[in-house]
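Coordinate-derived values only; no laboratory data. This structure is a prediction, so every number in the text was calculated from the model and none was measured. Positions of Cβ are generated from backbone atoms using ideal geometry, with glycine treated the same way; all protein chains shown enter the neighbour counts.
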Amino acid sequence: MSDRMLLEHGTNVYTGCELLVKGALEGRASLLTGYPGSPIAEVFDVVERLGPALKEHGVVAQLANNEALGAARLNGAQMGPVRAIAFMKSVGVHVAADAIAIGNIAGTQGGAVIVMGEDPHSDSTQVPVDSRYIAQHLFVPTIEPSTFQEIKDWVGVALDISSEASLYVGYIITTHQADGGGVVELRPHPPLTVSPEKPLTIDPDQIALDDRIVLPPDTARLERDMAARRLPMAVDLARKG
C-alpha cells in the first residue's frame, strides 16, 4: 500500500479514506491529527501503515486522545504558518465544538481543516448527525466533495481557502465515500515549509494579543469581522476555484 500511496504521477485506485491522506500529501499538510470514528477511522490505519514515509516527508501524524484535543492541536498549529488537518466523525465535531469555535474566531495562518465523517443512515454510528448545521453555527464554511477525484484534490483547496480567508474549513465525507473507492489522477507531493527538520520558532512577545488571544472586549470585534469580511472572502475564493 505504501508504494501506491507515494505515487506522484499517473492514475491509481484508492479508497475514500486513502484519498484524504493522499490529498493531505498533495496539499502540503504538515500536521495530521484527530480521533478515529466511523466512517473516517481507516484514515488512522492508513497513517499508521504509511508512518515511516510520512515522517521522511516531514509530516507529523499523531492520534489525539479525543476530538477536542485534535481541535486544540489545530489551534496550536495556527500560531504559525502550519497547514493542519483534524479528522473526526460527525458526533465528534460536537465534542470539539468549543475548541473549534475559539480557534476559528482567532483565525488561521497556515490553514486548518476539519474532516467530518458523516454516517447519514447510522450504519455504524449512534445518531445520524448532519455536521452542516453545527458548522454554520460555528461560522465554519464547509466543502462537500462529490467524486473521488474531488475528495483528494479539494483537501488542498480547503487548506488554501482556510489560509487566505483566515477561517477553519469543514470537509464533509460520507460513509459511502469513505468506504468506497475509485481511480484518480495523481499529483506531486510538494515539499513542506514547516516540518520537524524545518522547525518554526514563535516569539510570544510578537503575538498580537488583540487578534490571537480571544478574550473580551476583542471577542465581539473578531466575531463581527468573521461574519462581515472573512466568511464572504471564503465564499468568493470558492467561487473563483
Exercise. Please work out the Cα center distance from the stretch 156-215 to the stretch 22-76, rounded to the nearest Å.
Key: 11 Å
Self-check item: For the stretch 176-241, Kirkwood radius (reciprocal of mean inverse C-alpha pair distance, Å)
Solution: 16.9 Å
Exercise. Given the peptides 42-50, 61-69, 170-178, 22-30, arrange them by the average over their residues of other C-beta atoms within 10 Å, most packed first.
Key: 22-30, 170-178, 42-50, 61-69
Exercise. List the pair-distance distribution P(r) of the stretch 1-131, using every Cα-Cα distance, as the percent of pairs falling in each 10 Å bin from 0 up to the bin containing the longest distance, rounded to whole percents.
Key: 13, 43, 33, 11, 0
Quiz item: What ranking of Ile151, Ile202, Ile85 emerges when the number of other C-beta atoms within 10 Å of each C-beta is taken as an exposure proxy, fewest first?
Solution: Ile202, Ile151, Ile85
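Compare the peptides 228-236, 3-11 by average per-residue count of other Cβ atoms within 10 angstrom and give them in order, highest first.
Values: 228-236: 14.4, 3-11: 11.8.
Peptide ranking by packing, descending: 228-236, 3-11.
Taking the Cβ of each residue in Tyr168, Tyr14 as the centre, tally the other Cβ atoms inside 10 Å and list the residues starting with the fewest.
Details: Tyr168 30, Tyr14 24.
Lowest count first: Tyr14, Tyr168.
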Quiz item: What share of all Cα pairs of the stretch 54-129, in percent, falls into each consecutive 10 Å distance bin?
Solution: 20, 46, 27, 8
Self-check item: Sum of side-chain charges, Thr108 neighbourhood, beta-carbon under 13 Å (Lys, Arg +1; Asp, Glu -1)
Solution: 0
Quiz item: Normalised by the residues of the chain, what does the relative contact order come to in percent, with Cα pairs under 8 Å and at least six apart?
Solution: 27 percent
Exercise. Show that you can apply the helix-only estimate: for the chain, add -39,500 (n - 2.57) for every DSSP H stretch of four or more residues, divide by all residues, and state [θ] at 222 nm to the nearest 500.
Key: -12500 deg cm²/dmol
